[in-house]
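> Handing you a structure now.
The values are calculated or read from the model by the stated rules, or taken from the named source; none is laboratory data. Note that the coordinates shown come from a computational prediction; the quantities given were computed from them, not determined experimentally. Here Cβ is always computed from backbone atoms with ideal geometry, including for glycine, and neighbour counts include all displayed protein chains.
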Amino acid sequence: MKHIFGPVNSRRLGLSLGIDLLPPKICNFNCIYCEIGPTTEFTCDRKEYVPTREIIAEIDRFLADPEALRRLDVCTITASGEPTLHTGIGAIIRHLKDRTTKPVAVLTNGSLFHDPTVRRDLLAADIVIPSLDAALEASYRKINRPANCAPLALVIEGLIRFRKEFAGQYWLEILLAKGINDRPEDLTALRETVARIQPTKVQLNTVARPPLESFALPLSQPELTAAASHFTVPVEILVDFTTREREKFQPADASAILAMLRRRPCTAADVAEALNLETAPATAALEQLVTHGQLIKTVHHHKEYYQPKKA
């Protein structure tokens, strides 16, 4: 399928059906840590970039399998870019809510929450996870490199407004990169801004996979723990995939592996955990794809990552 991927084991959401609303990479940010690559269409314009009916048709094909639906924990709306740029996002959320009792989560950079239409579109979701990596203008521009139509003050105001209107789980993700947005003054500004937003919790992250820019470096676990202590709301530190027990391992499927890696580089362990594979068959399948010229391997912080070979 073009717009549906998985289900994959998500470290924060469980067994998740991914719903990708945009082709790569339409976004109003060009984040230094992005694992997908540089933004190819830099815009704040909302429109139907992909026909909504196509996405809904793929969703319906998946939901027609009762066994696949039974195993699912959550439906996650995301994009190779910023999903709220797609004007069909509200219709897609409502369709999911009509067709299944599974919770619907939305991953977003939160930059368009100042738009009342975007906020209305997301109100039917169960979990909304926006990001806010910096609360100081200079740091925001260094780490997220936003379009001019996404000024920081407007982004923060939108995050605050949505919190007042949304009754579901509201998890704010903050990604810290060493020397970019982790200074004491950055953490103080983030603490004060998070106190204004009042999310259900903060999810603290750092650069984990090969980033767009080589100078985007991760914080250590002790540094993340120290940063977490600055906040007055509950904080969850996002770490590597944790092992989840499943009913049985699945056979290694090259097409599923390639679909996953087209969205982000992964280690063999990431692939095995996300697709519910045993480690040895997953590694063998990845190496075979390397041999056939479909994947390449790169090393990032002493870990081997697999990603599609660029044309």
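> Among the residues of the stretch 161-199, count how many are loosely packed, with under 15 Cβ neighbours inside 10 Å and hydrophobic (A, V, I, L, M, F, W, C).
Going through the stretch 161-199 one residue at a time, the tally reaches 2.
> Taking the stretch 225-254, which residues are small (Gly, Ala, Ser) and modelled with pLDDT of 75 or more?
Looking only at the stretch 225-254, we keep the residues that are small (Gly, Ala, Ser), and these are 226-229, 252, 254.
Once the filter is applied, which keeps residues that are small (Gly, Ala, Ser) and modelled with pLDDT of 75 or more, the stretch 225-254 yields ALA226, ALA227, ALA228, SER229, ALA254.
To keep it simple, each residue is scored yes or no on (1) closer than 14 Å to ARG264 by Cβ; (2) buried (at least 19 other Cβ atoms within 10 Å of the Cβ); (3) in the same structural domain as CYS149 (by TED's automatic domain parsing).
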{"residue": "ARG11", "(1), (2), (3)": "yes, no, yes"}
{"residue": "ILE19", "(1), (2), (3)": "no, yes, yes"}
{"residue": "ASN30", "(1), (2), (3)": "no, no, yes"}
{"residue": "TYR33", "(1), (2), (3)": "yes, yes, yes"}
{"residue": "THR39", "(1), (2), (3)": "no, yes, yes"}
{"residue": "THR43", "(1), (2), (3)": "no, no, yes"}
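> How about the stretch 289-311: which of its residues are surrounded by 11 or more Cβ atoms within 10 Å (Cβ to Cβ) and out of contact with any strand residue (DSSP E or B) (no Cβ under 9 Å at 6 or more places or on another chain)?
Once the filter is applied, which keeps residues that are surrounded by 11 or more Cβ atoms within 10 Å (Cβ to Cβ) and out of contact with any strand residue (DSSP E or B) (no Cβ under 9 Å at 6 or more places or on another chain), the stretch 289-311 yields HIS300, HIS301, LYS303.
> Could you list, in sequence order, all residues of the stretch 66-91 that are farther than 22 Å from ASN9 by Cα, of a type in the set (A, V, I, L, M) and within 19 Å of the chain's Cα centre (by Cα)?
LEU85, ILE89
> From ALA226, ALA177, grab the single residue that is of a type in the set (A, V, I, L, M), farther than 27 Å from ASP126 by Cα, in the same structural domain as ASN109 (by TED's automatic domain parsing) and touching a helix residue (DSSP H, G or I) at 6+ places or on another chain (Cβ under 8 Å).
ALA177
Okay, residues lined up against (1) surrounded by 22 or more Cβ atoms within 10 Å (Cβ to Cβ); (2) of a type in the set (Val, Ile, Thr); (3) over 30 Å from PRO146 (Cα atoms); (4) touching a helix residue (DSSP H, G or I) at 6+ places or on another chain (Cβ under 9 Å):
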residue: LEU63; (1), (2), (3), (4): no, no, yes, yes
residue: PRO66; (1), (2), (3), (4): no, no, yes, no
residue: THR87; (1), (2), (3), (4): no, yes, no, yes
residue: ILE92; (1), (2), (3), (4): yes, yes, no, yes
residue: HIS95; (1), (2), (3), (4): no, no, yes, yes
